[in-house]
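In what follows, a single structure is set out as structure tokens and then discussed.
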Amino acid sequence: MDSHGLKMDQPYPIVIIEWQDASATADWTEVDDQQKIGVESVFSCGYLIRETKDVYCVAAAVSGTQANAVISIPKCWAKRKQTLRIR
């Protein structure tokens with residue numbers, strides 16, 4: 001139960017995943033400046049609605065059998081995953 005006495009049954013675990021994303025430029029730049037471009041650390045938090053051997057699927061919102069704003073993160077891009085608990 002939350003602080004208001006509401007039962008917080010979650011059908012999916014809430015997770016935070018730190019992962020590496022590609023970065024890119026959209027304009028012409030000097031080749032030597034390309035050495036400054038690298039991968040970016042990203043944190044995604046939401047409901048883990050699906051996990052396979054290759055991917056985590058995280059949704060921002062769930063309602064019944066539907067999910068919204070789902071991102072599929074390749075596991076090979078993930079640095080770490082933590083399951084969050086609601087007390």
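Readers should treat all values here as calculations from the given coordinates under stated rules, not as data from a laboratory. Predicted, not measured: the structure shown is a model, and the values here were computed from it. Glycine gets a Cβ as well: all are built from the backbone with ideal geometry, and neighbour counts include every protein chain shown.
Most exposed first by the Cβ proxy, i.e. fewest other Cβ within 10 Å, how do Glu40, Glu18 rank? Walk me through the numbers on the way to the answer.
Details: Glu40 10, Glu18 15.
With the fewest neighbours first, Glu40, Glu18 line up as Glu40, Glu18.
Counting Lys and Arg as +1 and Asp and Glu as -1, each charge on the Cβ, what is the dipole of region 14-84 about the Cα centre in debye, to the nearest 20? Numbers along the way, then the final one.
On the way: 7 positive and 9 negative charges, 124 e Å.
Using only the charged Cβ atoms, the result is roughly 600 debye.
For region 15-21, take each phi angle, set θ = phi - 60°, evaluate the Karplus expression 6.51 cos²θ - 1.76 cosθ + 1.60, and give the result in whole Hz per residue in order, putting x for glycine and proline.
Karplus values, whole Hz, x for Gly and Pro: 10, 10, 10, 9, 9, 9, 10.
Give the dimensionless ratio obtained when the Cα radius of gyration of the chain is divided by 2.2 N^0.38 Å. Could you put the intermediate results ahead of the total?
Working: Rg = 17.4 Å, N = 87, 2.2 N^0.38 = 12.0 Å.
So the Cα radius of gyration is 1.45 times the expected 2.2 N^0.38 Å.
So which aspartates and glutamates pass the test for Lys81, namely a Cα distance under 13 Å, with those fewer than 8 places away in the same chain ruled out?
Counting by Cα, and skipping residues close in sequence, Lys81 has these aspartates and glutamates nearby: Glu18, Glu51.
Under a plain spin-label model, where a point goes 7 Å from the Cα along Cα-to-Cβ, how far apart in nm are Ile16 and Glu51?
Each label point is offset 7 Å from its Cα along the Cβ direction, giving 1.7 nm.
In whole Hz and in residue order, list the ³J(HN,Hα) couplings for region 66-76 that follow from phi through the Karplus curve 6.51 cos²θ - 1.76 cosθ + 1.60, θ = phi - 60°; x for Gly and Pro.
10, 10, 10, 6, 8, 10, 9, 10, x, 4, 5
In the structure shown, do any of Lys36/Lys79; Lys36/Lys75; Lys53/Lys75 have a Cα-Cα gap over 18 Å, and if so which?
On the way: Lys36/Lys79 22 Å; Lys36/Lys75 25 Å; Lys53/Lys75 8 Å.
Over 18 Å Cα-Cα: Lys36/Lys79; Lys36/Lys75.
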